[in-house]
Amino acid sequence: MSSRRKFLHSSAAGLAGLAAAPLAASALPGPPAVGKPLVISTWDAGLNANRGAWKILGAGGYALDAVEAGVMVTEAEQSCCVGLGANPDRDGIVTLDACIMDDKYGCGSVAALERIKHPISVARRVMERTPHVMLVGPGAQQFAVAQGFPLEAQKLSPDAEKAYREWLKTSQYKPIINVENSGTRPPGPAGGANNHDTIAMLALDAQGRLSGSCTTSGMGFKMRGRLGDSPIIGAGLFVDPEVGAAAATGQGEDVIRMAGSHTVVELMRQGRSPQAACQEAVARVAKIKGAQARDIQVAFIAVNRQGQIGAYALQKGFSYSLSTTDTPRLVESAYFLK
Ligand code: SD4
């Protein structure tokens, strides 16, 4: 943990131009064109995930394989932020959401999936082996089992069990912004640590193919049946091979209401750089939320076909992991609210 934190600080210091908090698009230096292949993912969990993706990208592999393998690393870590080790809903059950998009408008998604370790791989099977885009709840689980995914035990991890017991003392639902940073996890305030849990990843491979993935347990202590943006194509993730790709993290309700990732891609289609597109989308969230914007976090990452990247958050504290070699860098994102 502490080495991750140190890495965050040193990387952020070394990339001070990206860490500033400009409010106007024109004031942004903007991340450099990084070319291809590249992989970008949300939060510091992205460091390990990017390493997993790079094994494929660095060997000239397919972006789709990379974004699946990359976030599978995070799903398997279990100890932190995504997958079966994460915090449960308010009824004490871990439910998982994931989606994936390839470079041909192919997309697949699962939501409210229980007891399956790798929802991202189930989402890929939905894309590749069914006529549908989304499967939810028991139907998604039934499909996963039919596809040979093992049904894991219905059991909370020790950390999640502890957090849930704490949360039950008050049963207050109050998401805490930026809890995805590993330095803030656990211990945290009751109902606080792990309230948001997501990794989103975008990759451009050596052949110029774009793909994206997103996987999450959603917000800890959510209502049973609640879905956020992460499994929703166009909200948590969108890939248009003619333009670029975008993904979101943070308060899913506020990403859904402005079709977040699709909005970022459409802004790029209109000529914005990935950075300007992320910034404009975040500004829209801020405008919609008004004074309540301070209570939430929303952030976008984006990449265009040319290999330029963008990242922008509503609040300070969002960082993303970027790989253009086999050594990932953690970069503190620019943000909107001072
Ligand atoms: C959700 N967007 O379920 C997710 C949470 C998240 O980092 O992104 N956390 O609303």
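If you go through region 143-179 and keep only what is touching a Gly at 6+ places or on another chain (Cβ under 6 Å), assigned to a helix (DSSP H, G or I) and either open to solvent by 90 Å² or more (accessible area, probe 1.4 Å) or modelled with pLDDT under 85 (or both), you end up with nothing.
Residues in region 119-142 that are surrounded by fewer than 18 Cβ atoms within 10 Å (Cβ to Cβ), of a type in the set (G, A, S) and out of contact with any strand residue (DSSP E or B) (no Cβ under 8 Å at 6 or more places or on another chain): G139 only. Go through region 67-82 and give me each residue that's within 13 Å of the ligand (Cβ to nearest atom) and modelled with pLDDT under 95. Selection gives T74, C80, C81, V82. Within region 214-249, the set of residues being among the hydroxyl-bearing types (S, T, Y) and either in a loop (DSSP other than H, G, I, E, B) or away from the ligand (no atom under 13 Å from the Cβ) (or both) comprises S217, S230. Can you name every residue in region 35-61 that is open to solvent by less than 10 Å² (accessible area, probe 1.4 Å), part of a helix (DSSP H, G or I) and of a type in the set (A, V, I, L, M)? Across region 35-61, the qualifying residues are A45, L47, A49, A53, L57. Taken together, A283, A291 contain a single residue that is open to solvent by 10 Å² or more (accessible area, probe 1.4 Å), free of Cβ contacts under 8 Å to residues at least 12 places away in the same chain and over 23 Å from V67 (Cβ atoms), which is A291. With the requirement that a residue be surrounded by fewer than 20 Cβ atoms within 10 Å (Cβ to Cβ) and touching a residue at least 24 places away in the same chain (Cβ under 8 Å), what does region 62-90 give you? Y62, A76, E77, Q78, S79, R90 - these are the residues of region 62-90 that are surrounded by fewer than 20 Cβ atoms within 10 Å (Cβ to Cβ) and touching a residue at least 24 places away in the same chain (Cβ under 8 Å). State whether one or more residues within region 295-311 are part of a helix (DSSP H, G or I) and either of a type outside the set (D, E) or modelled with pLDDT under 95 (or both). The answer is yes, given that some residue of region 295-311 is part of a helix (DSSP H, G or I) and either of a type outside the set (D, E) or modelled with pLDDT under 95 (or both). Count of region 197-213 residues, restricted to those that are within 12 Å of the ligand (Cβ to nearest atom) and in a loop (DSSP other than H, G, I, E, B), is 1.
Inclusion of A247 among residues that are crowded, with 24+ Cβ neighbours inside 10 Å and free of Cβ contacts under 8 Å to residues at least 60 places away in the same chain is not warranted.
Note on region 119-141: residues that are hydrophobic (A, V, I, L, M, F, W, C) and not in a helix (DSSP H, G or I) amount to 4.
Restricting I116, I93 to residues that are in a loop (DSSP other than H, G, I, E, B) and surrounded by 15 or more Cβ atoms within 10 Å (Cβ to Cβ) narrows the list to I116.
The values are calculated or read from the model by the stated rules, or taken from the named source; none is laboratory data. What you are looking at is a predicted structure, and each value in this text was computed from that prediction instead of being measured. Neighbour counts run over all protein chains shown; Cβ positions are idealised from the backbone, glycine included. For the accessible areas, the whole protein counts, side chains as well, though only heavy atoms, and no ligand, DNA or RNA atoms are used. Shrake-Rupley method; radii C 1.70, N 1.55, O 1.52, S 1.80 Å.
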